[in-house]
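S.K.: Below is a structure I'd like to ask you about.
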Amino acid sequence: MKKLVYLLVGCSLLGCAVGHGARGGAQPSSAGVQAGASRCECPCAKQNEQAKAAVPRASDHSSALVPVTAQDPTWGNPDAPVTVVEFSDFECPFCSRVLPSVEELKRTYGPGQLRVVWKNFPLSFHAFARPASEAAATVFAMGGSQAFWTFHDLAFAGQRSLGPDSFAAWAGQAGLAPAEFGAAMAAGRGKGKVDDDLAVGARLNVQGTPNFLINGIPLAGAQPADKFKAIIDAQLAAAKVLAASGVAAHDIYPTLCAQNRAAEKPSQPEAEETEDGTIWSVPVEKEDPIRGPADALVTLVVFSDFQCPFCQRMETTLTRLRQKYDRELRVVWKDRPLPFHEHAIPAAVLARVALDKKGPDGFWQAHDALFASQADLDEAALKSVAKQLGIAFKDVEKALADGRYQPFFDTGEDLSQGLGARGTPTSFVNGYRVVGAVPYEKFVAVIDTQLARAKAMVDAGQPRAALYHAIAKAGKEPDGPERKQVDPPTDDNPSKGAPGAQVTVQIFGDYQCSYCMRTLPTLAQLEKKFAGRVRFVWRNYPLAFHNNAALAAEASQEVFAQKGATAFWKYHDLLFEAQMVGGLERPNVEALAKKVGVDMNKFRAALDSRRHKALVDRDVEAANKAEIGGLPAFLINDYYVSGAQPFAVFERVVSRALAKL
C-alpha cells in the first residue's frame with residue numbers, strides 16, 4: 001500500500017510539472033524562469049491560467065498572527081478569503097501523503113477563494129530535509145512561486161532521491177540556470193528563509209509535519225480533503241459576513257486569523273500519535289536531573305530545550321503539578337536541544353556544568369534562571385546566569401569546546417526518536433506519552449489515571465521503591481534504528497578491514513554524489529575508532545541522472561578485478577576527488593586508472609564491452625529491493641543509516657551492533 005501511495009502521488013504531480021511546468025499563484029519577479037512548456041488542456045492547466053489572471057502582483061500580510069509575506073511561495077489570490085499555510089518537510093512521508101488532499105482543495109475552491117502558502121519546517125531527524133528546504137527556498141528566491149511549485153512537485157515525486165544532484169536537476173527543470181543555482185546554493189541564499197520559517201513555526205506551536213493553519217485554525221497530519229473542507233467552508237461563510245459588513249478583501253485574512261487564533265486552544269497532534277494507550281519503557285539514568293523522591297508513585301520524564309518557547313510555557317504547569325502532587329510526583333529532565341535553536345546547546349551545557357559543580361540543586365537553579373532569561377540567551381546572558389550561580393564561565397566555555405556533554409544530548413536525541421517524541425516538550429507520565437505544552441488540566445487527568453494504576457500495583461504488593469522500574473520493564477521498548485535486509489555482497493564487492501570483523505558496513509554509493517563524498521572522512525574516522533572490529537564493503541548505486549556515475553562504477557570494478565582491494569580503494573578515493581577537479585568523463589576516468597597501475601588495454605576493453613554492468617546492476621537491484629532511497633546509504637550489520645550523518649550517529653549504531661552480538 002505504501003508503494004501505491006508514492007506511485008499515485010508521483011504520477012499526478014510529476015505529470016503536471018513535466019507537462020506544463022508549473023502551478024498558478026502569486027508570482028514575484030521570475031526573470032530566471034524560462035518560458036513554459038507547451039500548453040495542455042488538463043484541468044490544472046486551466047486552473048493555472050485562472051490563477052494567473054486573478055492574482056494581483058503584490059500583497060502583504062506580514063502583520064497577521066500567522067504571517068504571509070512576499071517571501072513565501074504561494075498559490076492562489078493573495079486576497080482570497082481563505083488562506084491555508086502549510087508547514088512541511090520534503091523528506092516527511094506524511095507530507096507526501098497529504099498532497100492529493102491539497103490538490104483536491106485547489107480544484108474544489110479555485111484561486112479566487114483559496115490561497116495556499118508554503119513554509120519550510122524540516123525536521124531534525126530527516127537528513128535531507130534541511131538541504132531540500134534550502135534548495136526550494138533558493139529556487140523561489142530566483143524564480144518565484146511558479147518555479148518553486150515545479151521544484152516542490154518534483155521533490156515529492158522523487159522523495160527517495162533527495163540530494164544535491166537531484167536538487168540541481170529539479171531546479172533546472174523549474175527553469176533555473178544550473179550555474180546560477182549552484183552559486184546561490186553555495187552562498188547559502190535559502191538558509192535565512194528556512195530559519196525564519198522554523199522560527200515562525202515554533203512561535204505558532206508547530207511541532208510536527210505536515211501542519212496546516214487555515215485562517216489560523218490548526219489542522220495537523222495527513223488528513224483527507226473532507227477535514228480541510230469542513231474548516232474552509234465555515235471560513236468562507238465567515239468571510240462573506242465580514243465582506244458584507246464592509247471589510248476590504250485584503251483585510252479579511254488577518255481579521256479572521258486574529259479571531260481564530262484568539263479562540264484557539266493549544267493545538268494537539270492527532271489522537272493516534274499521542275493517546276494510543278501505550279506505556280513506554282523510558283529509562284531514568286543516574287545522570288538525569290531529578291526533582292522529587294525516588295519512590296514517588298508517578299514519574300514524569302520531560303524531553304526539553306531551554307530555548308523552546310513551548311518548553312518555557314510548560315514550566316508553569318510543572319510547577320503547579322509539583323505543588324498539587326507533592327511527594328507523589330517525580331520530575332526527570334532529559335536534554336533535547338533542537339538543532340535550529342542556536343543557544344539551546346550552550347544553555348544546556350551551562351546547566352550541566354552547574355549540575356557537576358553544585359549538584360541537583362545547582363542544576364535546577366540554572367534551569368529556572370535559563371528559562372527566566374529565554375528571551376535572550378546569547379553569551380552575555382549566559383555569563384550573567386553563570387555569575388548568578390557562582391560558576392566560572394570559563395568552565396562553561398571549556399565544556400563547550402571539548403564536547404564533554406554531547407553524549408547526553410546524543411542520547412536524548414536517540415531515545416526521544418525511539419519513543420516517538422518528535423519535538424519539545426514531550427513528556428512521559430509513568431511511560432504514557434503526552435506531546436506538547438498541554439494545559440494543566442490535561443496533565444492532571446493523565447497523572448490521576450497513572451496514579452490510580454500505581455496505587456493498585458502497590459496495594460498488590462509491588463514495593464514503592466521499585467515501582468517505576470517495574471513499570472518501565474513492562475513497557476514498550478524504544479524503537480531502535482531502522483533495520484533492512486539486503487541481498488548479501490559477493491566476492492566481487494570490494495572490501496577492507498578484517499575478514500572476520502564483528503560488524504560489516506555496506507556502503508551504497510555513487511561516485512558523482514557529493515553527499516557520498518562528504519562521508520569519506522567520517523568513514524575513515526569510524527575505521528580508526530573500531531579497528532579490527534569493522535569491515536567495509538562497497539556497493540555500487542549509480543543514480544540514473546548522474547551522467548558519468550555508471551561509467552565510474554564499472555571502471556572501479558575493473559580496477560578491483562585487475563589489481564585487488566588496495567588499488568580499488570585508492571581509485572575509489574581518486575574518483576571522489578575528481579568531483580572537485582577533473583570530472584568523471586571517460587578521459588579522466590582513464591587517467592586516474594593509469595595512476596593505480598592497471599593494464600590500460602584491458603581497462604578500455606572492459607569499459608567498451610560493459611563487462612561489469614551486471615555486477616553494478618546487481619547492487620542497484622539489491623538496494624531497490626530493500627527500498628533504499630537517497631544516497632549515501634549504509635547497512636551496519638542490518639541497521640540502516642541514510643545520508644551523510646555525523647560521526648556520532650555512525651559511532652552509536654556501530655556500538656549498538658556490537659552490543660547485540
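Any read-out appearing in this document is the output of simple, stated calculations on the displayed coordinates, not a laboratory observation. Note that the structure is a prediction, hence the values are computed from the model and not measured. Neighbour counts are summed over all protein chains in view; Cβ atoms, including those assigned to glycine, are modelled from backbone coordinates with ideal geometry.
S.K.: Between Asp599 and Ala179, 0.36 nm times their residue separation minus their Cα-Cα distance comes to what? Intermediate values should be presented prior to the final figure.
M.R.: Working: separation 420, 0.36 × 420 = 151.20 nm, distance 3.72 nm.
Difference between extended and current length: 147.5 nm.
S.K.: What nm value, rounded to one decimal, do you get for the distance between Arg533 and Ser655 when each label is placed 7 Å out toward the C-beta?
M.R.: 1.0 nm
S.K.: While we're looking at this one, here's another question. Which of Gln645, Leu176, Val616 sits closest to the plus end of the dipole of the chain, meaning its Cα is farthest towards the positive end, when Lys and Arg get +1 and Asp and Glu get -1 on the C-beta?
M.R.: Towards the positive end, the residue furthest out is Val616.
S.K.: Please list, or write none, the lysines whose alpha carbon is within less than 24 Å of the alpha carbon of Lys394, excluding same-chain residues fewer than 8 places away.
M.R.: Partners within reach: Lys357, Lys358, Lys383.
S.K.: Using the number of other C-beta atoms within 10 angstrom as an exposure proxy, rank Glu621, Glu441, Glu315 with the fewest first.
M.R.: Arranged by neighbour count, lowest to highest, Glu621, Glu441, Glu315 become Glu441, Glu621, Glu315.
S.K.: Next question. Using the Karplus curve 6.51 cos²θ - 1.76 cosθ + 1.60 with θ = phi - 60°, what ³J(HN,Hα) values do you get for each residue of segment 495-501, in whole Hz, with x for Gly and Pro?
M.R.: Values per residue, Gly and Pro as x: 9, 8, x, 4, x, x, 4 Hz.
S.K.: What ranking do 636-646, 91-101 get when scored by the average of other Cβ atoms within 10 Å per residue, highest first? Walk me through the numbers before you get to the answer.
M.R.: Numbers: 636-646: 18.6, 91-101: 20.5.
Descending mean neighbour count gives 91-101, 636-646.
S.K.: Another question, if that's okay. Among the lysines, select those whose C-alpha is under 20 Å from the C-alpha of Lys227, and discard any that sit fewer than 8 residues away in the same chain.
M.R.: Lys106, Lys265
S.K.: For segment 290-474, go through all pairs of different Cα atoms, get the mean of 1/r, take its inverse, and jot down that Kirkwood value in Å.
M.R.: On the way: mean 1/r = 0.0584 Å⁻¹.
The answer is 17.1 Å.
S.K.: For segment 98-245, take N as its residue count and report Rg(C-alpha) divided by 2.2 N^0.38 Å.
M.R.: Numbers: Rg = 16.7 Å, N = 148, 2.2 N^0.38 = 14.7 Å.
Normalised Cα radius of gyration, segment 98-245: 1.14.
S.K.: Looking at this model, which pairs from Lys398/Lys529; Lys191/Lys613; Lys455/Lys476 are more than 32 angstrom apart at the alpha-carbon?
M.R.: On the way: Lys398/Lys529 24 Å; Lys191/Lys613 40 Å; Lys455/Lys476 21 Å.
Beyond 32 Å: Lys191/Lys613.
S.K.: Can you list the chymotrypsin sites (Phe, Trp or Tyr not before Pro) in segment 113-143 that are in a DSSP coil and have 15 or fewer other beta carbons within 10 angstrom? Don't jump to the answer; show the numbers that get you there.
M.R.: Details: sites: Trp118, Phe125, Phe128, Phe140; in loops: Phe125, Phe128.
For chymotrypsin sites (Phe, Trp or Tyr not before Pro) across segment 113-143 that sit outside H, G, I, E and B with at most 15 neighbouring Cβ atoms in 10 Å, the list reads Phe125.
S.K.: Which one of Leu297, Thr411, Val444 has its Cα pushed farthest toward the positive end of the charge dipole of segment 290-474, where Lys and Arg give +1 and Asp and Glu give -1 at the Cβ?
M.R.: Of the listed residues, the answer is Leu297.
S.K.: Continuing with the same structure: If you count, for each residue, the other Cβ atoms within 10 Å and average over each peptide, how do 355-368, 506-519 line up from highest to lowest?
M.R.: Highest to lowest by the protection proxy: 506-519, 355-368.
S.K.: Is it possible to state the helix-based mean residue ellipticity at 222 nm for the chain, with each DSSP H run of 4+ residues giving -39500 (n - 2.57), the sum divided by total residues, to the nearest 500 deg cm²/dmol? What is it? Intermediate values should be presented prior to the final figure.
M.R.: Working: 26 runs with 348 residues, N = 661.
It lands at -17000 deg cm²/dmol.
S.K.: In addition: So what's segment 562-638 giving for Cα Rg divided by 2.2 N^0.38 Å, two decimals? Intermediate values should be presented prior to the final figure.
M.R.: Values: Rg = 14.5 Å, N = 77, 2.2 N^0.38 = 11.5 Å.
My calculation over the Cα atoms of segment 562-638 gives 1.27.
S.K.: Sticking with this structure for a sec: What translational diffusion coefficient, in µm²/s and rounded to a whole number, does the Stokes-Einstein relation yield for segment 474-571 at 10 °C and a viscosity of 1.306 mPa s, taking the hydrodynamic radius as the Kirkwood radius over Cα pairs? Before the final figure, lay out each step's value.
M.R.: Numbers: Rh = 15.1 Å.
Translational D for this selection: 105 µm²/s.
S.K.: Once the piece of chain linking Ala474 and Tyr440 is laid out straight, how much longer is it, given 0.36 nm per residue of separation minus the C-alpha distance between them?
M.R.: On the way: separation 34, 0.36 × 34 = 12.24 nm, distance 2.75 nm.
Extending this stretch completely gives an extra 9.5 nm.
S.K.: Next question, about the same structure. Where nothing but the Cβ of Lys and Arg (+1) and of Asp and Glu (-1) is charged, how large is the charge dipole of the chain around its Cα centre, in debye to the nearest 20? Please list the in-between numbers first.
M.R.: Details: 73 positive and 73 negative charges, 127 e Å.
With only Lys, Arg, Asp and Glu charged at Cβ, the dipole is about 600 debye.
S.K.: I'd like the FRET efficiency for Asn624 and Thr411, computed as 1/(1 + (r/R0)^6) with the beta carbon distance as r and R0 of 45 Å, rounded to 0.05. Working shown, then result.
M.R.: Values: r = 34 Å, r/R0 = 0.75.
The value I calculate is 0.85.
S.K.: Here's a follow-up. With label points built 7 Å along Cα→Cβ from the Cα atoms of Asp326 and Arg203, find their separation and express it in nm.
M.R.: Those two pseudo-labels are separated by 4.3 nm.
S.K.: So, one more: Can you compute log10 of I(q)/I(0) for segment 495-659 with the Debye formula, treating each Cα as one identical point scatterer, at q = 0.14 Å⁻¹?
M.R.: -0.70
S.K.: Under a straight-distance cross-link criterion of Cα-Cα below 19 Å, which lysines are reachable from Lys594, leaving out those fewer than 8 residues away in the same chain?
M.R.: Straight-distance partners of Lys594: Lys563, Lys570, Lys602.
S.K.: Net charge around Arg611, counting only other residues with Cβ within less than 9 Å of its Cβ (Lys, Arg = +1; Asp, Glu = -1)? Please list the in-between numbers first.
M.R.: Numbers: positive: Arg610, Lys613; negative: Glu554, Glu558, Asp608.
After counting each charged neighbour, the total is -1.
S.K.: Report the extension gain between Arg107 and Leu520 in nm, rounded to one decimal, defined as 0.36 nm multiplied by the number of residues separating them, less their alpha carbon distance. Mind dumping the intermediate values first?
M.R.: Values: separation 413, 0.36 × 413 = 148.68 nm, distance 4.74 nm.
Result: 143.9 nm gained on full extension.
S.K.: Evaluate Rg over Rh across the chain, taking Cα atoms for both radii and Kirkwood's formula for Rh. Write down the numbers at each step before the final one.
M.R.: Numbers: Rg = 27.4 Å, Rh = 27.5 Å.
With Rg and the Kirkwood Rh in hand, the quotient comes to 1.00.
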